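This report refers to the structure that appears directly beneath it.
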Amino acid sequence: MSAVVPELKQISRVEAMRLGPGWSHSCHAMLYAANPGQLFGRIPMRFSMQMRFDGLLGFPGGFVDRRFWSLEDGLNRVLGLGLGCLRLTEADYLSSHLTEGPHRVVAHLYARQLTLEQLHAVEISAVHSRDHGLEVGPPPGPRPPPWGLALALQRWVLGLVRVPLYTQKDRVGGFPNFLSNAFISTAKYQLLFALKVLNMMPEEKLAEAVAAATEKQKKALEKLLPSSS
């Protein structure tokens, strides 16, 4: 993808299902809609991500315990509690990537194109879901059992945010600024991957946005660090 967004190893869904019990599976969904309207007469807006309780951006979803559910059933349990009566199927499957680090996790991403009216309904449903917008973090004690994980995940979300799929004339405003935020785990990589494979943004524009976001973060860090002179 780029030097600042490390490449993740992509595997097929079949390969992912063959992984042993030492692997955890996370399933997330990208819900998007073509928008005939424009912001300021020129800027389209298409889909949403969500702000988590810890201040990180991510897609709706969570971990799925394969001992109890299929990938789609587990994902739908989370989406059903947090985003209304929306059910994804294997036909919506987009990708699987192996994550780096001490924890062995395979991250699955699903994508469903909705009508603009359906996307609005999902956003409204999320606003009216229980505990929406409350700063409710993980409960104390042991990790909740699988049947309670979906409810816990839904309580750990502060709200949905629209992703600005444009770059303003200063080459920083819009998508580059959005990429300057902090993302959970593989969410930034999945975002860039989905925009590329779904042809929602040209690859060169993605690279330009990533570079601009990286340069902005570098300058911000230089201002915080004491001068070496």
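The values are calculated or read from the model by the stated rules, or taken from the named source; none is laboratory data. All values derive from a computational prediction rather than experimental measurement. Don't worry about glycine lacking a Cβ; one is built from the backbone with ideal geometry, like all the others, and counts go over all protein chains shown. To get the accessible areas, we keep the full protein, side chains included, count just its heavy atoms, and leave off ligands, DNA and RNA. Shrake-Rupley method; radii C 1.70, N 1.55, O 1.52, S 1.80 Å.
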Inset, instruction - Filter segment 119-130 down to the residues that are within 17 Å of Met49 (Cβ to Cβ) and surrounded by 15 or more Cβ atoms within 10 Å (Cβ to Cβ), then identify the one that is modelled with the lowest pLDDT. - result: Ser129
Legend entry - Subset of segment 91-118 (residues that are modelled with pLDDT of 95 or more, under 23 Å from Pro21 (Cβ atoms) and open to solvent by 50 Å² or more (accessible area, probe 1.4 Å)): Tyr93
Legend entry - Tally, over segment 93-112, of residues that are more than 15 Å from the chain's Cα centre (by Cα) and either within 14 Å of Phe47 (Cβ to Cβ) or assigned to a loop (DSSP other than H, G, I, E, B) (or both): 5
Inset, instruction - Would you mind stating whether Leu86 is open to solvent by 70 Å² or more (accessible area, probe 1.4 Å), modelled with pLDDT under 85 and within 27 Å of Ser24 (Cα to Cα)? - result: no
Inset, instruction - Kindly list, by first and then second residue, each pair from a residue in segment 215-228 that is within 14 Å of Ser180 (Cβ to Cβ) and modelled with pLDDT of 80 or more to a residue that is surrounded by 11 or more Cβ atoms within 10 Å (Cβ to Cβ) and not hydrophobic (A, V, I, L, M, F, W, C), limited to pairs with Cβ atoms under 9 Å and residues at least 6 apart or on different chains. - result: Glu215/Pro176; Lys216/Pro176; Lys216/Asn177; Lys216/Ser180; Gln217/Ser180; Ala220/Ser180
Inset, instruction - Look at Gly173 and say whether it is among the small types (Gly, Ala, Ser), under 18 Å from the mean Cα position of the chain (by Cα), open to solvent by less than 50 Å² (accessible area, probe 1.4 Å) and at pLDDT 80 or above. - result: no
Inset, instruction - Report the residue count in segment 19-58 for those that are in contact with a strand residue (DSSP E or B) (Cβ under 9 Å, 6 or more places away or on another chain) and either under 30 Å from Trp69 (Cβ atoms) or at pLDDT 90 or above (or both). - result: 24
Legend entry - Phe63 vs. criteria at pLDDT 90 or above and open to solvent by 60 Å² or more (accessible area, probe 1.4 Å): yes
Inset, instruction - Can you work out which of the residues in segment 3-18 that are modelled with pLDDT under 90 and surrounded by 14 or more Cβ atoms within 10 Å (Cβ to Cβ) is farthest from Gln190 (Cα to Cα)? - result: Val4
